[in-house]
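Just below is one structure, and these are the notes that go with it.
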Amino acid sequence: MIQGTTRNRQTREFPGGRPGERQGGRPGECPGGRSCRKGLLPVLLAVWLTAALSSLASLPAFADEYAFILSTDFWSTSYYSTIGIRPPRTADIAVEPVSTDPVAHYDIDEDMVFVVNRYLADNVQVVDPGPPFQTVGQYSVGNGSNPYDIRLASSEKAYVSRYEWTTLLIVDPYSGDSLGVVDLSAFADADGIPEMGRMEMVGDSLFVALNNIDRTVWQPAGPGKIAVIDTRADTLVDCDPASSGVQPIVLQLPNPYTELRYDGCRMELVVGCAGAWGVLDGGIETVDPFALETKTVVATEAGLGGDISDASFAPGARWYAVVLDTAPWPDNFARLVAFDRDTGQPLDTLYNQTSGDGASLGGIELNNQQELYLCDRDVIDPSVSIFDTRADTLLARIGVGVPPFDIAFLQVPQAGVDAEPGQPGTAPGEILPLTRIIPNPFRSSTRIAFSLDGPSRTVRLDVYDASGRRVTTLLDRAMPAGSHAINWDGTDSLGRPVADGVYFYHLRSGDGPAGGSPAGESSIRSSFAGGSSTGRMVLLK
């Protein structure tokens with residue numbers, strides 16, 4: 001049982017040996033597993049209306065933010081380290097051991113790190129994400145099950161995907177007590193195993209990537225699949241009612257290999273499909289988690305010039321991928337490339353491996369500061385390389401001893417919000433691109449998180465409906481540098497509940513005075529000389 005701990009960022013008690021209820025409430029659900037956007041049409045925001053009364057609902061900022069690094073040689077030595085996100089980027093190396101095949105998941109609501117110790121370890125390790133970053137619990141998920149990922153539905157229920165087995169495990173995320181299973185054998189290929197991989201939660205729906213690898217030849221048995229579980233009933237959702245039986249989402253590409261990520265602005269899932277290694281048959285695909293169907297292939301392995309081993313979305317159309325050459329080992333070097341999300345064409349190569357024995361690049365992750373962290377597994381100089389994505393330049397290389405493999409940021413996670421036209425980056429004092437809305441969709445309240453760089457500036461946050469009418473002003477005052485989060489409870493400026501539907505937030509910073517009555521968008525922009533960002537929220541009733 002996990003005992004109570006005291007965090008440096010905030011003090012929390014874990015009554016009864018269990019962390020408290022999840023902050024911000026449960027995410028919104030998709031009724032019947034179908035579209036949450038029924039009757040809602042895509043719209044553009046109208047001209048910004050005049051300012052009115054404002055109401056502040058700010059949460060405490062996270063004072064300390066870290067990169068949580070998993071390092072392994074895949075044989076005998078493995079551990080986790082931490083790196084401070086803000087300069088001087090102090091590193092704490094080899095804090096505690098993990099298995100030799102680990103991946104990490106940071107649950108923002110629980111404020112806890114879960115390390116999934118995979119092949120031959122078969123357990124979950126629970127780590128407190130504040131100094132001294134101690135392991136506070138560990139439990140088995142089945143000998144020989146080869147767990148691949150974990151996602152929490154609440155403080156009392158989590159799901160663990162198991163690559164070698166046909167059943168998705170439901171557990172207490174802290175004690176490991178089994179709460180049941182969900183049978184996915186109906187989605188298996190000819191070898192009888194669906195090969196569960198990475199997962200993501202959207203509302204009350206859990207999305208589980210299925211690799212569908214034919215183990216007789218160790219090649220994809222066909223297109224990849226995504227199983228959808230209704231976490232309210234722990235039952236499979238039928239993604240194609242027109243076909244007999246319960247159906248998964250069938251992807252266009254084989255072998256969904258990378259992390260399954262949710263883009264809260266575009267309201268889509270993103271996954272990199274590796275296909276068969278050494279064959280240019282994969283790419284990066286998006287999925288509609290509300291219509292429960294594939295959307296489009298945004299980039300192909302043929303277009304990027306190699307196998308996809310990881311991918312990360314960023315604000316705007318500039319996305320990133322780790323690409324492995326198709327040459328046989330040991331000449332299959334790796335590259336970190338930027339590509340255009342809209343055309344799928346490469347834009348830049350940030351890092352190009354030119355020596356070594358085989359590909360030596362691991363995972364990538366983008367933080368709130370628009371810094372891309374790359375696990376460089378070079379055997380001579382294993383390091384975490386940090387790039388500024390606003391200029392695609394190298395900021396720092398930080399050695400971590402044993403080669404790094406996976407990264408999780410201990411901060412409000414990135415969501416990939418589109419930058420406003422004319423705002424390709426941020427200067428000191430501007431708003432850094434928004435993080436995801438947590439939760440989104442939502443029922444009762446949601447939290448809008450952002451970071452402010454440089455000196456204190458006036459920040460204004462407005463909510464608009466689909467017609468462009470301002471619903472309420474959540475924030476209009478000077479804010480210090482750092483990370484902030486604002487609550488919206490689904491009410492207008494007079495405190496009246498609004499109807500369900502799509503809403504937009506518009507956040508901007510600048511040197512102008514708070515409040516005032518600008519006559520229109522041009523006046524607002526002249527009053528706020530800093531950055532701005534816009535995104536969508538979905539309110540469900």
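The values are calculated or read from the model by the stated rules, or taken from the named source; none is laboratory data. As the structure is a computational prediction, the values presented were derived from the model and not from experiment. Note that we place each Cβ from the backbone using ideal geometry, even for glycine, and neighbour counts take in every protein chain shown.
Before moving on, here are some points about what is shown:
- Residues of region 276-323 satisfying the condition of being among the aliphatic types (A, V, I, L, M), crowded, with 19+ Cβ neighbours inside 10 Å and outside any strand (DSSP E or B): 292, 304, 314
Yes/no matrix, rows are residues, columns are (1) within 18 Å of residue 444 (Cβ to Cβ); (2) surrounded by fewer than 19 Cβ atoms within 10 Å (Cβ to Cβ); (3) touching a residue at least 60 places away in the same chain (Cβ under 8 Å):
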site: 459; (1), (2), (3): no, no, no
site: 464; (1), (2), (3): no, no, yes
site: 476; (1), (2), (3): no, no, yes
site: 481; (1), (2), (3): no, yes, no
site: 484; (1), (2), (3): no, no, yes
site: 490; (1), (2), (3): yes, no, no
site: 499; (1), (2), (3): yes, yes, no
site: 506; (1), (2), (3): no, no, yes
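- Checking residue 375 against (1) surrounded by 23 or more Cβ atoms within 10 Å (Cβ to Cβ); (2) under 16 Å from residue 319 (Cβ atoms), the condition it does not meet: (2)
- Test: residue 286 is over 23 Å from residue 147 (Cβ atoms) and polar (S, T, N, Q): yes
- Single residue of 291, 274, 327 found to be of a type in the set (A, V, I, L, M, F, W, C) and touching a strand residue (DSSP E or B) at 6+ places or on another chain (Cβ under 9 Å): 274
- Residue check, residue 335 over 19 Å from residue 198 (Cβ atoms), of a type in the set (Lys, Arg) and in a loop (DSSP other than H, G, I, E, B): no
- Flag set for residue 478, criterion: hydrophobic (A, V, I, L, M, F, W, C), closer than 21 Å to residue 450 by Cα, at pLDDT 85 or above and not in a loop (DSSP other than H, G, I, E, B).
- Inspection of region 346-359 identifies no residue that is of a type in the set (Gly, Ala, Ser), modelled with pLDDT of 90 or more and touching a strand residue (DSSP E or B) at 6+ places or on another chain (Cβ under 6 Å).
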